[in-house]
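See below for the structure under consideration.
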Amino acid sequence: MDSSHLLPFTSAPSPSADAALVGVVDHRGFPAFRSSSGRWTAALFIIAFQGLGLLTLSSILPSLRPPMCSINVGKACIPNHFQAGCFYFALYLVALAQAGHKPCAQAFGADQFDGKDPEESISRSSFFNLSYCSLCIGSTATIIILTYVQDNISWPLGFGISFVSMGLALIMFLFGTKSYRFYQLESESPFLRIGKSLVVLVKSQILSSHALRGSRTPTYDERAGLDGDKFVNDEAADAIQLEEAKGVLQLVPLWAISLIYAVIFAQSSTFFIKQGSTLDCRIGSSFQVPPAALQSFISISIVAFIPIYDQILVPVSRKISRIPTGITQLQRIGIGMILSIISMGIAALVEVKRLKTAKKYGLIEQPNTMIPMSLWWLVPQYILYGITEVFMIIGLQEFFYVQVPNALRSLGLALFMSIFGIGSFISSFLIAVINEATSKSGESWFSDNLNRAHLDYFYWLLAALGTGGLIMYLYFARSYVYKKKQDVAM
């Protein structure tokens, strides 16, 4: 559901609880009142809806799955074209649903808080924290519970749990309908509006260049003489569109720099797990921890740190900076970038330790033999990854929601999500290039034998790229002009 332009408020800076919100209606189309709509009453329903997944039925219906067979028979369990088509259709349907659901649900949830009201503005910042916390709780439950159910009991049962959970979440979402605030849509398409804004910016630059070359342009009186009212209206509209275009273009370099973090972010679900697969994964004498389960430490650290950030760090920093949210959005992102560089440094040092241990025990040529080094050596980098996400990812979410034109808030959050999609592609491309280059000169950094590979070199490279990205980020962030006036600029 798209969020749209909020018309200017005519009330005082601290409106009363019974004031009607201009440009905002309830589910019946009547004016929405501050005391009976929006805020946490509505946002909590949306958070619950946001934290759950979707089900594909291809593992339940016999006609949609390949025949049962045993790996000991030596016969491949190959699905027919129809079954494979249904399976991939389900996967793409989930991806399509996520692409529409994630940015719109977050934008709709944030729309329940009035950015012009001081108290609700602070609550909106907390909403992004709590929203991401709920997603992490859902992902942690998935890693710990559903993976066990699917691997040890039944895939259909695992998908069935997701299906029931999604149904309950949808019911809860609908229960909140009477408390939601809906922003009235403009008649003009948001995409058309931003296109016009860019055209106005280009025209402005052309006129400025003509003026610098001494070309004569029509004077105000000459243009106004044609149609005074139309000219005044056009001038006002052009000024608004010009500011919108400049605001959107300001986001481009910051979006591009954030791709470096996305490359770093991608490593926790790839090489970190490969590292863990070579280590001692035992707890006690018999229980084996799946290396992939260590990813739950990211979510656990996020869930643990968000209350600390929201209830301790923000109030303390608010007293120092006099900013309602404690620190600006750009400062929060910058701290996240610094932490991501540190996390890569820690990962590189742990990998150096792992390689030295393998060499010490003569395991360099035995990639399938467990290295006598505990899996828990990887936990610090996972925990720091989680703390980094609290600053970086939530900061980016709020930044792209607030700084885009009001009619494009859902698009702004989609732009935020594109950082990680494109970042994953860049990570894959970077690995392919490095693998090709290092293979020609000797052992690849990403050799199948991790004991001969050099993931530590790759992690140091990412730390260096992150440092370069941080320097560029500070340059653009210091000159960034916020769409809404802030007490302190970075």
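Can you tell me the relative contact order of the stretch 260-340? Whole percent, Cα pairs under 8 Å, sequence separation 6 or more. Could the numbers behind the result be given before it?
Working: 35 pairs, mean separation 17.7, N = 81.
RCO, the stretch 260-340: 22 percent.
Structure shown: which of K359/K440; K274/K359; K356/K440; K353/K440; K178/K483; K116/K203 lie over 22 Å apart, alpha-carbon to alpha-carbon? Working shown, then result.
Working: K359/K440 24 Å; K274/K359 18 Å; K356/K440 24 Å; K353/K440 26 Å; K178/K483 31 Å; K116/K203 32 Å.
Exceeds cut-off: K359/K440; K356/K440; K353/K440; K178/K483; K116/K203.
If I model a spin label as a point 7 Å beyond the Cα along the Cα-Cβ vector, how far apart are those points for S269 and L157 in nm?
Label at S269, label at L157, 2.6 nm between them.
Let me check I've understood the local charge: for F391, count other residues with C-beta under 14 angstrom from its C-beta, Lys and Arg +1, Asp and Glu -1. What total comes out?
Numbers: positive: R332; negative: D310, E389, E398.
Within the 14 Å Cβ shell, the charges total -2.
Taking a probe of 1.4 angstrom, what is the accessible area of D456 in Å², to the nearest 10?
The value for D456 is about 10 Å².
How many nm separate the modelled label positions at I338 and S424, each set 7 Å beyond the Cα in the direction of the Cβ?
3.1
Round to the nearest 10 and report in Å² the accessible area of Y457, as given by a 1.4 Å probe over the protein chains' heavy atoms.
It works out to around 100 Å².
Can you pull the accessible area of Y480 for me, 1.4 Å probe, Å² to the nearest 10?
20
With the Cα gyration tensor of the stretch 309-441 giving a ≥ b ≥ c as the square roots of its eigenvalues, does the rule (a/c under 1.5 for rounded; else a/b larger than b/c for prolate; else oblate) give rounded, prolate or oblate?
Oblate, because a/c is 1.5 or more while a/b does not exceed b/c.
The values are calculated or read from the model by the stated rules, or taken from the named source; none is laboratory data. Only a predicted model underlies this, so the values are computations on that prediction, with no experimental measurement involved. Every residue, glycine among them, receives a Cβ derived from its backbone with ideal geometry; neighbour counts consider all protein chains shown. Side chains are part of the model used for accessible areas, which takes the heavy atoms of the whole protein and leaves out ligands, DNA and RNA. Shrake-Rupley method; radii C 1.70, N 1.55, O 1.52, S 1.80 Å.
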